[in-house]
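So the structure is just underneath, and the comments pick up after that.
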Amino acid sequence: MSFESYFRACSYAMVACGVLALAVGGGVGPLLALAFAAVLGLSWRLSETRWQLSERAGMVVVLLALPAFYLDWSIQRAGAQDAAAQVYAGVSALVHFTLLLSSIKLLQVKSDRDWLFLYLISFFEVLLAAGLSASPTFLLSLGLYVFTALLAVVCFELRKSSRVVPQAASRLLVANKPGLLRRSRAGKNSKGARALRRLPLAAACLFLAIFGLALPIFLITPRAAENTLSVPGGAASSGFTGFSDRVTLGDIGRL
């Protein structure tokens, strides 16, 4: 596998894990998840071919998608029965819009700016999933996303630096020697292949360091036992200070 294919696989894994986090949080249904998986597969097949969308065509499709986002939000909001359903309708329309943006970017010719845009969209999807879910299983999808994100960002920096650093001063950049990234006919691993195998190890070390620092903060920080986007205003508006309209004698009322 060449470094370019390796980088693209890591980036696609990061984008897929962002959608997986949304699926775990309940923001994406099975059919929509399968449709996005099909877009990922199609984008992989069309990479480096003339069938990809140009940057101008991708921008036109994004501008045409803005009215569709507003229409989707209006239809879902009109069918909402209460305030909580209206909030969920807005979140659902936002999820659909982010998936559409990701699909357009995946199908077009991608520069460094487009890859960064895909990374930011996937990060935003994880934030949406964190607000939709209070399930402990979300931690598994979050851990998988962080690992793939670290691996993709490391590969992105190697790929970007290999184009600006002189070859004589870039012996550590595996992207600068694509010929070393293929296995020999005898089946022996080249130096480039060994360097590629070190990248997941480096990402795993960063992953353990991040979670080692974040886990104590997570355990100390107070948090609600419900998802943030379940009611208008978040979990903080689940209680109000004042008198209740129902009083039980001998019992202490809940504020």
Revision key, fill the gap. Filtering the range 40-77 down to residues that are free of Cβ contacts under 8 Å to residues at least 40 places away in the same chain, farther than 15 Å from His96 by Cβ and part of a helix (DSSP H, G or I) yields Gly41, Trp44, Arg45, Arg56, Met59, Val60, Leu63
Check your understanding: Can you tell me which residues in the range 197-225 are at pLDDT below 85 and under 22 Å from the mean Cα position of the chain (by Cα)?
Key -> Leu215, Phe218
Review point. Within the range 8-39, how many residues are within 26 Å of Leu196 (Cβ to Cβ) and either assigned to a loop (DSSP other than H, G, I, E, B) or more than 13 Å from the chain's Cα centre (by Cα) (or both)?
Key: 3
Check your understanding: So, in the range 113-145, of the ones that are open to solvent by less than 40 Å² (accessible area, probe 1.4 Å) and charged (D, E, K, R), which residue ends up nearest to Leu208 (Cα to Cα)?
Key -> Glu125
Check your understanding: Which of (1) of a type in the set (A, V, I, L, M, F, W, C); (2) more than 21 Å from Ala57 (Cα to Cα); (3) in contact with a Ser or Thr (Cβ under 9 Å, 6 or more places away or on another chain); (4) open to solvent by 20 Å² or more (accessible area, probe 1.4 Å) does Leu107 not meet, given it meets every other one?
Key -> (2)
Check your understanding: Out of (1) polar (S, T, N, Q); (2) crowded, with 18+ Cβ neighbours inside 10 Å; (3) within 22 Å of the chain's Cα centre (by Cα), what's the single condition that is false for Gln76?
Key -> (3)
Point to revise | Unique match (being exposed (fewer than 14 other Cβ atoms within 10 Å of the Cβ) and touching a residue at least 12 places away in the same chain (Cβ under 8 Å)) among Ala37, Ala13 | key: Ala37
Practice item. Considering (1) free of Cβ contacts under 8 Å to residues at least 60 places away in the same chain; (2) surrounded by 16 or more Cβ atoms within 10 Å (Cβ to Cβ), say which one Ala21 fails and leave the rest. Key: (1)
Practice item. Consider only pairs whose beta carbons are under 7 Å apart and that are at least six residues apart or on different chains; among these, list those whose first residue lies in the range 147-176 and is hydroxyl-bearing (Ser, Thr, Tyr) and whose second residue is modelled with pLDDT of 75 or more and not in a helix (DSSP H, G or I). Key: Ser170/Ser162
Exercise for review: Would you mind finding the one in Ser92, Ser135, Ser103, Ser122 that is of a type outside the set (D, E, K, R) and outside any helix (DSSP H, G or I)?
Suggested key: Ser135
Revision key, fill the gap. Quick count over the range 40-73, residues being among the polar types (S, T, N, Q) and either over 15 Å from Leu118 (Cβ atoms) or open to solvent by 50 Å² or more (accessible area, probe 1.4 Å) (or both), is 2
**Study point:** Filter result for the condition that a residue is out of contact with any helix residue (DSSP H, G or I) (no Cβ under 6 Å at 6 or more places or on another chain), modelled with pLDDT under 80 and either more than 30 Å from Phe7 (Cα to Cα) or surrounded by 13 or more Cβ atoms within 10 Å (Cβ to Cβ) (or both), over Ser170, Ser184, Ser238
**Key:** Ser238
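The values are calculated or read from the model by the stated rules, or taken from the named source; none is laboratory data. Model, not experiment: these values are computed from the prediction. Here Cβ is always computed from backbone atoms with ideal geometry, including for glycine, and neighbour counts include all displayed protein chains. Heads up: the accessible areas ignore ligands, DNA and RNA and are worked out on the full protein's heavy atoms, side chains in. Shrake-Rupley method; radii C 1.70, N 1.55, O 1.52, S 1.80 Å.
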